[in-house]
Amino acid sequence: MTTDNSSMESVSHEHRKFPPASEFVKSAHISGEAAYKALYEKSIQDPEGFWAEAAEELHWFKKWDSVLDASEAPFFKWFDGSRTNLSYNCLDRHIEAGRGDKIAIHWEGEPGDARDISYKQMHLEVCRFANAMKARGVKKGDRIAIYLPMIPELAIAVLACARIGAVHSVIFAGFSADSIRDRVLDSETCMVITADGGYRRGKMLELKQIVDEGIASCECVKDVVVVKRGDAHPVDCKMQEGRDSWYHDLVANVDDDCPAEEMEAEDLLFLLYTSGTTGKPKGIMHTTAGYQVYSYLTSKYVFDLKQDDVYWCTADVGWITGHTYIVYGIMQNGVTQVMYEGAPNHPDEGRFWDIIEKYKVSIFYTAPTAIRAFMKWGDDWVTRKDLSSLRLLGTVGEPINPEAWMWYHKMIGAERCPIVDTWWQTETGGHMLTPMPGATATKPGCATLPFFGIEPAILTDDGEAVEAGILAIKKPWPGMLRGIYGDPQRFKDTYWCKWGGKYYFPGDGARRDEDGYIWILGRVDDVVNVSGHRIGTAELESVFVEHKDVAESAVVGVPHEIKGQGLVAFVTVIDGREQDDQLRKELVTMIDKSIGKFARPERILFSSDLPKTRSGKIMRRILRDIAEGKELGNVTTLADPTVVQDLQQQYLKG
Ligand code: PRX
């Protein structure tokens, strides 16, 4: 196991504890510690009863025959026999309840343009686009790639797919053309929905061009739908005859009514590609009924959602956080939310706080990386703003260091708002470990306790229970992934084999403290979390070795002040090639092209060889130590100990 010891040390002496304010507790859905404990016990003793009760709050065309079917584990089935539709539960249900005029989305574009969209309007837009997709021949089960900036059409496209039973595969708009190609080919996508561009830090990213390049060789793509975003900065957007159409043309002549498809419980809802330990991202499969109930209930309880809340999650819909906690979970709860297109520091570093002030945001959910950037930008950006509408804060995506937690608590939460530090994954579909805001006393940097129905354990490699070790999840839960697209064996091997099928293996290290709270200690595999973006080191390595002058490479994650973790690449070059900045540039360009700029390493070091054991295995532990400037200790097991001296000297040279 390779748990990051530095994070273990930094949180192991953190004992401050912050109980929720009594005002908050009084009106919370889960009010007080005893209420949490009682409901948690019930959810563990009788999970099927617990989940059935939660499901009753939603709309079903037909109710389930069984809540959980484990007969083909780990291919679990939830709410088998039911028929339902996520878009119905996100939209129609609220209109039927007389809440159609309520604002679903206060959208704000980076240049300052804004749109308020009610649930009724959202419903209309979703129905129209769903009909437009049908008119282009899209059928239930077809895979649709969505590569859009954070504009309302992104949520509309997602819900339109759900409405007609098409499977969406959202690709974060920071991914490169090659990444689009790989995802489109893996899932045999027939349609890509994109925009002419999207704003980021005042610039227009030309998304359609990236799509054109990505799908040039993808014969499966028959249709490209293009949303016009760039009115102010017209983009030269070439449309390919017969393949490309403008979104606004397609929705101009369609019916307003599109009945929601009655989906089976285990019908595929979406694919979302995420990084693992190999060079190839995997298409995580989420299905309909279980994900629906899990996204609904975690949103309701963890964010303590009430009808008068204004919620804002700063994630991009391109990641799982945006799927569950912008689109599905939040809209099923019928609350109003803010959706923002751009960067936190455009036009200045106070943009987020302006938005909170303007829309009177009451619940704010962001990433530790953003919080650390705000800390660095200085308190003045915050203190000038009125943040008194806030009542609850959340973090997601990576461990939050106690210093950043305390700053968030004091500067943003005015020591009044509970903070929910939510640990979960693309694969889990929703929150797994998290404080209950009206019940759990929080500790800075700690994801605390399990959500209802979740039974965590901390184990050794051999399955022995320990205080600090590898996190494991014992019981199945409704939001769990159902597979890896096209690769059932990889699904079993990756998540279910470690402890003989008895536990789900998430790939994180954890420690349990004297209160039974769980502290996440970072990944135990070769996955790195850069600014909350998950990147497999093998993905970068496989890109580097494609360079004709590179013999071998190893990439490791190292602590980074703002990003949480950064990447350092060690590259060996074949004889004769200069190991210089020119080569570095070429390698960085390859990463930009193959993955995306967000995966650029902090540093690239060249050497004649990499530290290896005598059996030829690269010793990543040593590379991590070098990259962290640590003492190396015993290197006698290395085949050639001089290799590390060379690397260490280079590293220190800077
Ligand atoms: O290592 C954990 C970290 O992010 C990983 C999951 O990444 P991804 O699938 O991209 O989903 C991110 C959004 C849910 C986990 O294996 N992680 C996520 N949340 C936390 C976290 N680490 C510590 N604390 C968290 N709250």
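Solvent-accessible surface of segment 161-227, taken per residue with a 1.4 Å probe and all protein chains present: 31 Å². Around His346, with a cut-off of 12 angstrom between Cβ atoms, what is the net charge of the other residues, counting Lys and Arg +1 and Asp and Glu -1? Net charge in that neighbourhood comes out at -2. Dipole magnitude for segment 541-654: computed about the Cα centre from +1 point charges on Lys and Arg Cβ and -1 point charges on Asp and Glu Cβ, it is near 360 debye. Over segment 26-155, accessible surface divided per residue gives 41 Å², non-protein components excluded, 1.4 Å probe. Amide H contacts of Gln425 (H built 1.01 Å from N, in plane; Pro and chain starts excluded): Gly430 sit under 5 Å, all sequence-distant by 5 or more or on other chains. Using the Karplus relation 6.51 cos²θ - 1.76 cosθ + 1.60 with θ = phi - 60°, the per-residue 3J(HN,Hα) values for segment 87-101 come to 5, 5, 6, 7, 10, 3, 4, 6, 5, 4, 8, x, 10, x, 7 Hz, with x marking Gly and Pro. Counting only DSSP H runs of at least 4 residues, each contributing -39500 (n - 2.57), and dividing by the residue count of the chain, the helix-based mean residue ellipticity at 222 nm comes to -8500 deg cm²/dmol. Computed over protein heavy atoms with a 1.4 Å probe, the accessible surface of segment 500-575 works out to 33 Å² per residue. Sorted largest first by accessible area at a 1.4 angstrom probe radius, with every protein chain in place, the residues Arg16, Arg183, Arg83, Arg534 fall in the order Arg16, Arg83, Arg534, Arg183.
The separation of segment 436-456 from segment 177-199, counted between C-alpha centres, amounts to 37 Å.
Note on Arg490: accessible area approximately 40 square angstrom, rounded to 10, probe 1.4 Å, nucleic acids and ligands left out. Evaluating 6.51 cos²θ - 1.76 cosθ + 1.60 at θ = phi - 60° for every residue in segment 314-323, the Karplus couplings come out as 8, 5, 9, 4, x, 10, 4, 4, x, 4 Hz, glycine and proline recorded as x. Pull out a ≥ b ≥ c, the square roots of the eigenvalues of the alpha-carbon gyration tensor of segment 474-632, then state rounded if a/c is under 1.5, prolate if not and a/b is larger than b/c, and oblate in the remaining case. Prolate.
Only one residue of Gly516, Asn529, Tyr495 has its Cα farthest out toward the positive end of the dipole of segment 450-549, where Lys and Arg carry +1 and Asp and Glu -1 on Cβ, and that residue is Tyr495.
Classify segment 298-441 as rounded, prolate or oblate, taking a ≥ b ≥ c as the square roots of the eigenvalues of its Cα gyration tensor: rounded when a/c is under 1.5, otherwise prolate if a/b is larger than b/c and oblate if not. Note, shape of segment 298-441 comes out rounded.
Taking all protein chains as shown and a probe of 1.4 angstrom, Lys228 keeps an accessible surface of around 90 Å².
Karplus-derived 3J(HN,Hα) values for segment 255-268, using 6.51 cos²θ - 1.76 cosθ + 1.60 with θ = phi - 60°, are 5, 7, 10, 9, x, 6, 5, 7, 8, 6, 3, 9, 5, 5 Hz; glycine and proline are entered as x. Distance between the C-alpha centres of segment 17-54 and segment 152-169: 33 Å, rounded to the whole angstrom.
DSSP beta bridges fully contained in the chain are about 60 percent antiparallel. Averaging Cα coordinates gives a centre for segment 287-360 and one for segment 55-98; these two points are 22 Å apart. Judged by the ratio a/c of the largest to the smallest principal axis of the C-alpha gyration tensor, the chain counts as rounded, that ratio being less than 1.5. If you sort Glu541, Glu53 by accessible surface, 1.4 Å probe, largest first, the order is Glu53, Glu541. Using heavy atoms of the protein chains and a probe of 1.4 Å, the accessible area assigned to His431 is about 0 Å².
When the accessible area of the chain is computed with all protein chains present and a 1.4 Å probe, what percentage of it is carbon and sulfur? C and S atoms contribute 49 percent here. Accessible surface ranking for Glu266, Glu341, Glu403, 1.4 angstrom probe, highest first: Glu403, Glu266, Glu341.
The values are calculated or read from the model by the stated rules, or taken from the named source; none is laboratory data. Just so we're clear, the structure is a prediction, and the values are computed from it rather than from any experiment. Note that each Cβ is placed from the backbone with ideal geometry, even for glycine, and that neighbours are counted across all protein chains shown. For accessibility, only protein heavy atoms count, side chains too; no ligands or nucleic acids. Shrake-Rupley method; radii C 1.70, N 1.55, O 1.52, S 1.80 Å.
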